[in-house]
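> Take a look at the following structure, please.
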Amino acid sequence: MIAKARGKFLRLSATKVRQVIDLIRGYDCNAALAILTNINKRPKEQIIKILKSAMANAKQKGLKPEDLYISKIVSDNGPSWKRFKAAAFGRATPILKRTSHLTIELELKQNFSKA
């Protein structure tokens, strides 16, 4: 791990974030940004923000973004916000507003396989 960035308590479901991060896992940073800008999914803004943060962390260590690729990207479940919605006959139905934690780790390209 050369550089790392985390986004915690993102107001996105972890399963929906995983749909997007599966597309960019293993790609180099610039290719991943190009893929994310052309996706029509809500989590892309948060993922781009965290990926740029990881690239900036690597730049602080004296590395170029062209030399890095995404070695590990994980979306874990965060705590759920519990809410209730009114239902018939005076009852209430629960609503879970899910959150997620996103971790991105970058490595140097030596044995790089994907485009």
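> When you check residue 76 against the structure, is it of a type in the set (Asp, Glu), within 18 Å of residue 8 (Cβ to Cβ) and in contact with a strand residue (DSSP E or B) (Cβ under 8 Å, 6 or more places away or on another chain), yes or no?
Working: of a type in the set (Asp, Glu): yes; within 18 Å of residue 8 (Cβ to Cβ): yes; in contact with a strand residue (DSSP E or B) (Cβ under 8 Å, 6 or more places away or on another chain): yes.
Against the criterion (of a type in the set (Asp, Glu), within 18 Å of residue 8 (Cβ to Cβ) and in contact with a strand residue (DSSP E or B) (Cβ under 8 Å, 6 or more places away or on another chain)), residue 76 qualifies.
> If a residue counts only when it is under 22 Å from residue 99 (Cβ atoms), which helices (runs of 4 or more DSSP H) contained entirely in region 1-68 have at least 2 such residues? Lay out the reasoning, then the answer.
Numbers: elements: 14-24, 29-37, 44-60.
Ranges flagged: 14-24, 44-60.
> Just the residues that are surrounded by 13 or more Cβ atoms within 10 Å (Cβ to Cβ) and within 15 Å of the chain's Cα centre (by Cα), please, taken from region 43-63.
Within region 43-63, the first condition is being surrounded by 13 or more Cβ atoms within 10 Å (Cβ to Cβ), and the residues that meet it are 43-44, 46-55, 57-59, 63.
Listed by number, the residues that qualify are 43, 44, 46, 47, 48, 49, 50, 51, 52, 53, 54, 55.
> Could you go through region 72-95 and let me know if any residue there is under 16 Å from the mean Cα position of the chain (by Cα), closer than 20 Å to residue 7 by Cα and among the hydrophobic types (A, V, I, L, M, F, W, C). Explain how you work it out, then say what you get.
First pass over region 72-95, keeping only residues under 16 Å from the mean Cα position of the chain (by Cα): 72-78.
Keeping just the survivors that are closer than 20 Å to residue 7 by Cα gives 72-78.
When the remaining residues are screened for being among the hydrophobic types (A, V, I, L, M, F, W, C), the result is 73-74.
Yes, region 72-95 contains a residue that is under 16 Å from the mean Cα position of the chain (by Cα), closer than 20 Å to residue 7 by Cα and among the hydrophobic types (A, V, I, L, M, F, W, C).
> Additional query: Kindly indicate the residue of region 13-42 that is crowded, with 17+ Cβ neighbours inside 10 Å and among the hydroxyl-bearing types (Ser, Thr, Tyr) and also nearest to residue 63 (Cα to Cα) among those meeting that condition.
27
> From the list 68, 51, which one is in contact with a Cys (Cβ under 9 Å, 6 or more places away or on another chain) and under 21 Å from residue 13 (Cβ atoms)? Lay out the reasoning, then the answer.
Numbers: 68 fails: under 21 Å from residue 13 (Cβ atoms).
Of the residues listed, the single one that is in contact with a Cys (Cβ under 9 Å, 6 or more places away or on another chain) and under 21 Å from residue 13 (Cβ atoms) is 51.
> Now a separate question. Would you check which residues across region 64-115 are among the aliphatic types (A, V, I, L, M), more than 17 Å from residue 30 (Cβ to Cβ) and either modelled with pLDDT under 95 or exposed (fewer than 12 other Cβ atoms within 10 Å of the Cβ) (or both) and list them?
Applying the first criterion (among the aliphatic types (A, V, I, L, M)) to region 64-115 yields 68, 70, 73-74, 86-88, 92, 95-96, 102, 104, 106, 108, 115.
Next cut, more than 17 Å from residue 30 (Cβ to Cβ) only: 74, 86-88, 92, 95-96, 102.
Hits for region 64-115 are 86, 87, 88, 92, 95, 96.
The values are calculated or read from the model by the stated rules, or taken from the named source; none is laboratory data. All values reported here derive from a predicted model rather than from experimental measurement. Here Cβ is always computed from backbone atoms with ideal geometry, including for glycine, and neighbour counts include all displayed protein chains.
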